[in-house]
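Colleague: Below is a structure I'd like to ask you about.
Where a number appears in this text, it was derived from the coordinates with a stated rule and is not lab data. Keep in mind that this is a model prediction, so the values were computed, not measured. Please note: Cβ atoms are built from the backbone with ideal geometry, for glycine as well, and neighbour counts cover all protein chains shown.
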Amino acid sequence: MGRRSVWSKEKLIELTKKFVPVADEVYRLQRDAGPECRVFRKIFRGTEEPSRGTMQGIYVCTAGGARLAGRNSLNADLVAKMLEGALEKWDQLSTEERSLPVGTSIEVGPRWEDSYPSAGLVLVRTARDLPKKLDPAAAAVMPFNPDQVWFAKKEARGFLPDQLTPGQKGPVSRLIVERLTRFHLVDNVHGQTIPYAPSEVTSSKITSEVTGQDGDLVEVQLSGTTKASSDKWLLGGNYWKPQRDWPHGVATKLLGRAVYDRKRGVFTKFEMVALGERWGRTQLNGRAMYTAAEPIGFEFSLAAKGARIAPTFINMYGVDWVKDPYKQ
Amino acid sequence: MRSMLVSLLLVSPILAQLSEDNFSAWRDPLRPAAKEIRWQRIPWLSSFAAGLRRANAEDKPVLVWVMNGHPLGCT
């Protein structure tokens, strides 16, 4: 979360009002062949050729393609100085120099976000380190990292028992349990990690029970345990394949509450908490010095409408409604 | 299921923490506090192309923040 803290400073928040602020994923922009990716590299690297090195950072440009500034820093004062310098350059440009050439358009290639499940269930997951003393009050200051969790409408129904009458109980669908355990109950609090294979999900079961009903609104309670443990990479060649094996795992106990509108087929409330422990490390998840088992917590709640950010492991969901932009 | 839960509870005290009684007490600190997500006060667009288009329409420079992992998601 420290990487985002630079934008918490009031001075920077004010300065950004003089810009069109954009946040985007850099790996795609620095590597892919899509039109906006080539434009990105042309402006900030001087060539459309893909970059092997990371282009992470903060940049300023014109719509017309002139680079005004760029640096990779978490120092708010340095970033503010850079933005002010960019504004000075901007003020010296003519309208023609600032703008896209007449008749030009910025095309966008397909993206994972195109598969956003508008009618489905979209959650925000927060993963957070927990204090060793297991004091909830002390948890709020611990590092955290969010992610998005997507379910198509037909998949989300799997959170519920077949019969939606109070007292009915049943297992949450295997698809949901696996998606949560393999991709979202993972240790990426401090940085990116790798997903688990289906066979690495063990001892995982979530039960759903209808606890109340008010017209078309059905209250359910979720409870269960999850565990995923990996000794070696089992998912073949793909974007996430690590350079070596990284023994690691996460086990949790989970509770949740939700309200489902059975007439509309949507969840109107969803909150779920999983507490557990993580162990081991992966290449980039920042646990090099902390591989012993330590407590970790997860919280899931409904995402704001329109927050179309793809889940980290969307390319591993393996379902037909998620369209791979690299195969279109 | 019962034996599995018992074995997990024996492994770590954290797995015995969560209950209906303390659900909210754990949920609230896990959620980001307002001060932790002040960066969300900035109306970030989520794609570079969308930023170029809007900048052209509004005659403003584009501020581009790019990271491994989407900065508005998991980085």
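Colleague: Taking every DSSP beta bridge that has both residues in the protein assembly as shown, what percent is antiparallel when rounded to the nearest 5?
Modeller: Bridges in the protein assembly as shown are about 90 percent antiparallel.
Colleague: While we're on this one: Would you kindly calculate the translational diffusion coefficient of the stretch A:121-250, applying Stokes-Einstein with the Kirkwood radius from alpha carbon pairs, for 10 °C and a viscosity of 1.306 mPa s, and quote it in µm² s⁻¹ without decimals?
Modeller: Value of D from the Cα-based Kirkwood radius: 95 µm²/s.
Colleague: Work out, step by step, the length gained on full extension between residue A:48 and residue A:326: first 0.36 nm times the residue separation, then minus their alpha carbon distance; give nm to one decimal.
Modeller: Taking residue A:48 through residue A:326 to full extension adds about 98.2 nm, to one decimal.
Colleague: Next question. Give the angle, between 0 and 90 degrees and rounded to the nearest 10, that separates the Cα long axis of helix A:76-91 from the longest principal axis of the Cα atoms of chain A.
Modeller: 50 degrees
Colleague: Under a straight-distance cross-link criterion of Cα-Cα below 20 Å, which aspartates and glutamates are reachable from residue A:154, leaving out those fewer than 8 residues away in the same chain?
Modeller: A:113, A:114, A:162, A:178, A:209, A:216, A:219, A:261, A:271, A:320, A:324
Colleague: Can you tell me which of A:299-309, B:38-48 comes out highest on packing, and rank the rest after it, using the mean Cβ neighbours within 10 Å?
Modeller: On the way: A:299-309: 16.9, B:38-48: 18.6.
So the peptides A:299-309, B:38-48, ranked by packing, come out B:38-48, A:299-309.
Colleague: For residue A:81, list the aspartates and glutamates whose Cα falls under 17 Å from its own Cα; do not include residues on the same chain fewer than 8 positions away.
Modeller: Counting by Cα, and skipping residues close in sequence, residue A:81 has these aspartates and glutamates nearby: A:10, A:14, A:91.
Colleague: Assuming 0.36 nm per residue, please report the length gained on full extension of the stretch residue A:93 to residue A:199 beyond their Cα-Cα distance.
Modeller: 32.3 nm
Colleague: Where in the stretch B:23-55 does the amide nitrogen come within less than 20 Å of the point 7 Å from the Cα of residue A:138, taken along Cα to Cβ?
Modeller: In the stretch B:23-55, the label zone of residue A:138 (backbone N under 20 Å from the point 7 Å along Cα→Cβ) covers B:23-33.
Colleague: For the stretch A:55-110, what does the alpha-carbon gyration tensor say about shape, rounded, prolate or oblate, given a ≥ b ≥ c as the root eigenvalues, a/c under 1.5 as rounded, and a/b over b/c as prolate?
Modeller: Oblate is the answer for the stretch A:55-110, as a/c is 1.5 or above yet b/c matches or exceeds a/b.
Colleague: Show me the GluC sites (Glu not before Pro) within the stretch A:86-178 that DSSP assigns to loop and that have at most 14 other Cβ atoms within 10 Å of their Cβ.
Modeller: A:107
Colleague: Only sites in a loop by DSSP and with at most 10 other Cβ atoms within 10 Å count here; which chymotrypsin sites (Phe, Trp or Tyr not before Pro) in the stretch A:117-154 make the cut? Don't skip to the end; give the middle numbers.
Modeller: Numbers: sites: A:144, A:150, A:151; in loops: none.
The qualifying sites: there are none.
Colleague: What are the residues whose amide H is under 5 Å from the amide H of residue A:130, where those residues sit 5 or more places off or on another chain and H is modelled from the backbone?
Modeller: Here the answer is A:296, A:297, since their amide H atoms fall under 5 Å of that of residue A:130.
Colleague: Check the straight Cα-Cα distances from residue A:241 and name the lysines below 16 Å, setting aside those fewer than 8 residues away within the same chain.
Modeller: Residue A:241 reaches A:232.
Colleague: Summing -39500 (n - 2.57) over the DSSP H runs of n ≥ 4 in chain A and dividing by its residue number, what mean residue ellipticity at 222 nm do you reach, to the nearest 500 deg cm²/dmol? Present the calculation step by step, with values, prior to reporting the outcome.
Modeller: Working: 8 runs with 57 residues, N = 328.
It lands at -4500 deg cm²/dmol.
Colleague: Which FRET efficiency value, to the nearest 0.05, do you get for residue A:234 and residue A:174 by plugging their Cβ-Cβ distance into 1/(1 + (r/R0)^6) with R0 = 25 Å?
Modeller: 0.90
Colleague: Okay, moving on. In terms of the Cα gyration tensor, with a ≥ b ≥ c the square roots of its eigenvalues, is the stretch A:2-98 rounded because a/c is under 1.5, prolate because a/b exceeds b/c, or oblate?
Modeller: oblate
Colleague: Still on this structure, I have one more. For the pairs A:17/B:35; A:11/B:35; A:18/A:42; A:263/A:305, flag any whose C-alpha to C-alpha distance is greater than 22 Å. Each step should come with its number before you reach the end.
Modeller: On the way: A:17/B:35 19 Å; A:11/B:35 15 Å; A:18/A:42 24 Å; A:263/A:305 20 Å.
Violating the 22 Å Cα-Cα cut-off are A:18/A:42.
Colleague: Would you mind ranking A:239, A:326 so that the residue whose beta carbon has the fewest other beta carbons within 10 Å leads the list? Each step should come with its number before you reach the end.
Modeller: Working: A:239 10, A:326 14.
Ascending Cβ contact count within 10 Å gives the list A:239, A:326.
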